[in-house]
Amino acid sequence: MPGADWRSESAYHAAKTADTVDIAWEWLRRDREYQQDFRALVSSEHSSATADHFRRKWGLTFCG
C-alpha cells in the first residue's frame with residue numbers, strides 16, 4: 001500500500017475483516033529488526049539450526 005494515507009479510513013478497509021494472524025503479520029513485516037534478520041537468513045547458507053533460531057526468536061510457526 002505504498003503512498004496510502006495512513007490517516008484515511010478507506011486505506012484500511014481490509015483491516016475490518018482481518019484476523020489476528022493477518023494483523024500480527026502486518027506488524028511483524030514492518031519491524032526493522034525482523035527485516036534485517038530475515039535478509040541475513042536468506043542471504044546466508046543457513047542450517048536448520050539457524051532457521052529454528054529465527055523461528056523461535058520471532059515466534060513463527062509454519063503450518064502446512
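The values are calculated or read from the model by the stated rules, or taken from the named source; none is laboratory data. The model shown is predicted, which means the values in this text are computed figures rather than measured ones. Neighbour counts are summed over all protein chains in view; Cβ atoms, including those assigned to glycine, are modelled from backbone coordinates with ideal geometry. The accessibility values were calculated without ligands, DNA or RNA, using every heavy atom of the protein model including side chains. Shrake-Rupley method; radii C 1.70, N 1.55, O 1.52, S 1.80 Å.
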Residue in the range 42-50 that is at pLDDT 90 or above and in contact with a Leu (Cβ under 9 Å, 6 or more places away or on another chain) present: no
Residue pairs meeting the criteria (Cβ under 8 Å; at least 6 apart or on separate chains; first open to solvent by less than 100 Å² (accessible area, probe 1.4 Å) and at pLDDT 80 or above, in the range 1-30; second assigned to a helix (DSSP H, G or I) and among the hydroxyl-bearing types (Ser, Thr, Tyr)): LEU28/TYR34
